[in-house]
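The values are calculated or read from the model by the stated rules, or taken from the named source; none is laboratory data. All of these numbers come straight from a predicted model, not from anything done at the bench. Here the Cβ is made from the backbone with ideal geometry for all residues, glycine too, and neighbour counts use every protein chain on show.
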Amino acid sequence: MTITPPGGNPVDYTHNLTFTGGSTPPQIQQNFGRQGDTAVLVLLDEYRMTPNFTIPVMSQIKLVDNYLNQTLFAGVVNDPVLSPVSATLNEWRLGCTDYTYYADHSTPVYGPYYNGFTADAVVIALTEQADCGITAAPTSQGGFVAPAVMLPSVAINYQALSSAWRLLARLSSQVTPYGWYVDEQLRLHFYDSTTALDSGVTFTTEPTQGGSVSEGHIALDNQFGYEWDGTSIHNRVLVQGAAQTIYSRPQGPPTDTWLADGIGSAWPLRFTFAGVQRLTINGVSTQADQLHPGQPHDTQANWFIEQNANGAWFLTSANPPAAGTVIKFWYNYQIPVIGVANDYASQAAYPGPNHGIFGDYISDQGLTTTSMALARAQRERAEFAFAAEKVTFNTTEDFVGWIRSGQTFGYNTAMAPDSRNNYSWGLNGRFLCTQNRIQFVSGGYRQMTITGVRI
């Protein structure tokens with residue numbers, strides 16, 4: 001384990017890293033596509049007269065398994081805590097975040113991207129704009145940003161770079177869910193499950209060898225579980241975005257037409273009013289003024305546009321026009337941006353009194369076009385149309401290999417049924433690791449708590 005203080009050189013603290021005897025065992029928490037990895041690593045400093053070292057905040061830290069030639073964690077010491085254990089013993093409990101920390105606290109990125117940018121191109125452009133030390137390059141040029149969907153338009157308001165990554169991952173997940181992470185060389189990986197790297201590891205309840213880097217053993221404890229998560233099934237998704245203004249053409253048909261009855265002096269508008277274009281009374285152009293709530297009729301006009309206490313809009317007149325008067329009104333109006341996506345295969349798979357339809361409504365004022373709302377609906381449909389199959393398990397300490405969240409792994413057990421094979425017992429499938437919590441025990445052996453989603 002090496003630590004590099006700000007502006008300094010790497011220092012080896014391997015012999016100070018403790019697996020037992022500290023206030024907490026070392027642990028690493030990995031997440032794919034939602035936030036950066038975190039770690040708590042503990043150093044002990046035993047001395048005679050004065051302490052041997054201090055760990056400055058914002059130092060860079062790197063933990064490597066030399067046997068595997070694998071970096072287990074690399075990032076920033078953003079929360080070091082010193083605890084004097086005795087007169088000659090200090091404990092340093094290092095709270096760390098991987099290099100996503102620089103993206104979390106970057107100069108805010110922004111920009112409108114129209115005319116058909118792809119999501120991966122926007123990801124790369126924003127990463128370059130942030131200039132926070134993290135690099136992003138397409139897979140076609142040896143990088144790790146995979147091709148993503150075409151975005152009709154997207155407006156990135158001022159926000160941290162990692163927040164923009166999360167937004168673009170959501171917008172990209174129209175067919176398969178996208179995620180991201182930053183590696184030990186500060187390179188961004190942005191991809192979906194179809195292009196995820198294979199860890200080369202299979203986890204099984206039927207071990208054939210011990211001390212393996214490619215075969216991990218599933219502990220049969222209370223953490224072991226296989227789940228069909230139907231709590232979030234959505235196979236009909238309606239997304240409502242921001243309001244869109246429709247501009248009426250005075251040369252075209254009127255937006256609303258009424259025939260006066262000689263008594264009424266108010267006529268409801270069909271749409272949410274956004275501006276006067278033209279008003280004619282029996283074919284004669286007439287002035288109409290918009291009144292704000294509580295404003296009296298003290299203008300020179302005899303016709304007004306008003307909003308009542310319930311938010312409805314009306315055309316009103318100071319005096320009721322004669323019966324048979326033709327009133328034509330051209331006005332601009334607002335309609336909500338709506339996108340709807342159905343997954344008919346999912347609806348057929350879950351028949352019931354609801355016809356297999358499980359609906360969801362999403363309101364997002366950041367969606368300014370119909371295509372953006374539809375893309376969001378399609379993303380939700382792709383991710384939630386079917387019950388997600390999830391595994392959670394602990395590994396035993398004899399697994400000496402490594403897997404990080406965002407990689408795929410094999411899963412082999414006779415203790416769970418296979419939904420893709422008529423629920424016959426015995427499952428051998430591929431899963432994407434979405435979360436991994438690693439705890440270190442005596443001697444540096446590792447126990448992992450893994451959550452995976454079937455792909």
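Table: residues versus (1) in a loop (DSSP other than H, G, I, E, B); (2) assigned by TED's automatic domain parsing to the domain that holds residue 311; (3) surrounded by 13 or more Cβ atoms within 10 Å (Cβ to Cβ).
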{"site": "245", "(1), (2), (3)": "no, yes, no"}
{"site": "254", "(1), (2), (3)": "yes, yes, yes"}
{"site": "258", "(1), (2), (3)": "no, yes, yes"}
{"site": "262", "(1), (2), (3)": "yes, yes, no"}
{"site": "277", "(1), (2), (3)": "no, yes, yes"}
{"site": "292", "(1), (2), (3)": "yes, yes, no"}
Residue match in segment 177-192 (condition: farther than 27 Å from residue 166 by Cβ and out of contact with any His (no Cβ under 7 Å at 6 or more places or on another chain)): no
Residue 345 vs. criteria over 29 Å from residue 255 (Cα atoms) and either assigned by TED's automatic domain parsing to the domain that holds residue 253 or modelled with pLDDT of 90 or more (or both): yes
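When you check residue 266 against the structure, is it over 26 Å from residue 404 (Cα atoms), of a type in the set (A, V, I, L, M) and surrounded by fewer than 16 Cβ atoms within 10 Å (Cβ to Cβ), yes or no?
Criteria met by residue 266.
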Test: residue in segment 22-41 that is closer than 23 Å to residue 103 by Cα, in a loop (DSSP other than H, G, I, E, B) and more than 31 Å from the chain's Cα centre (by Cα): no
Number of positions in segment 298-316 that are surrounded by 13 or more Cβ atoms within 10 Å (Cβ to Cβ) and in contact (Cβ under 8 Å) with a residue 12 or more places away in the chain: 11
Residue 349 being surrounded by fewer than 16 Cβ atoms within 10 Å (Cβ to Cβ) and touching a residue at least 24 places away in the same chain (Cβ under 8 Å): yes
Selection status of residue 272, in the same structural domain as residue 317 (by TED's automatic domain parsing), of a type outside the set (Lys, Arg) and farther than 12 Å from residue 328 by Cα: yes
Residue in segment 152-170 that is assigned to a strand (DSSP E or B) and either within 27 Å of residue 438 (Cα to Cα) or not assigned by TED's automatic domain parsing to the domain that holds residue 111 (or both) present: no
Wholly enclosed strands (runs of 3 or more DSSP E) of segment 52-100 bearing at least 1 residues hydrophobic (A, V, I, L, M, F, W, C) and surrounded by fewer than 16 Cβ atoms within 10 Å (Cβ to Cβ): 70-86, 89-98
Per-region count, segment 406-455, residues buried (at least 19 other Cβ atoms within 10 Å of the Cβ), hydrophobic (A, V, I, L, M, F, W, C) and closer than 30 Å to residue 23 by Cβ: 5
Test result for residue 142, surrounded by fewer than 16 Cβ atoms within 10 Å (Cβ to Cβ), touching a Leu at 6+ places or on another chain (Cβ under 6 Å) and not assigned by TED's automatic domain parsing to the domain that holds residue 373: no
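Rundown of residues vs (1) touching a residue at least 40 places away in the same chain (Cβ under 8 Å); (2) under 26 Å from residue 404 (Cα atoms), yes/no style:
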{"residue": "55", "(1), (2)": "yes, no"}
{"residue": "60", "(1), (2)": "yes, yes"}
{"residue": "66", "(1), (2)": "no, yes"}
{"residue": "87", "(1), (2)": "no, no"}
{"residue": "91", "(1), (2)": "yes, no"}
{"residue": "103", "(1), (2)": "yes, yes"}
{"residue": "124", "(1), (2)": "no, yes"}
{"residue": "137", "(1), (2)": "yes, yes"}
{"residue": "140", "(1), (2)": "no, yes"}
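Tell me which residues, restricted to segment 214-233, are within 20 Å of residue 437 (Cβ to Cβ) and either without any contact (Cβ under 8 Å) to a residue 60 or more places away in the chain or not aromatic (Phe, Trp, Tyr) (or both).
216, 217, 218, 219, 220, 221, 222, 223, 225, 227, 229
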Scope segment 173-206; condition in a strand (DSSP E or B), buried (at least 18 other Cβ atoms within 10 Å of the Cβ) and either of a type in the set (Ser, Thr, Tyr) or free of Cβ contacts under 8 Å to residues at least 12 places away in the same chain (or both); matching residues: 178, 181, 191, 199
Exclusive hit being surrounded by fewer than 17 Cβ atoms within 10 Å (Cβ to Cβ) and part of a strand (DSSP E or B), set 8, 111: 111
Residue 209 touching a Phe, Trp or Tyr at 6+ places or on another chain (Cβ under 7 Å), surrounded by fewer than 17 Cβ atoms within 10 Å (Cβ to Cβ) and not hydrophobic (A, V, I, L, M, F, W, C): no
Pick from segment 17-30, criterion in contact with a Phe, Trp or Tyr (Cβ under 8 Å, 6 or more places away or on another chain) and surrounded by fewer than 21 Cβ atoms within 10 Å (Cβ to Cβ), ranking: nearest to residue 168 (Cα to Cα): 27
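Listed here are the residues, each with its yes/no results for (1) surrounded by fewer than 18 Cβ atoms within 10 Å (Cβ to Cβ); (2) without any contact (Cβ under 8 Å) to a residue 24 or more places away in the chain; (3) in the same structural domain as residue 218 (by TED's automatic domain parsing).
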{"position": "359", "(1), (2), (3)": "yes, no, no"}
{"position": "362", "(1), (2), (3)": "yes, no, no"}
{"position": "365", "(1), (2), (3)": "yes, no, no"}
{"position": "372", "(1), (2), (3)": "no, no, no"}
{"position": "392", "(1), (2), (3)": "yes, no, yes"}
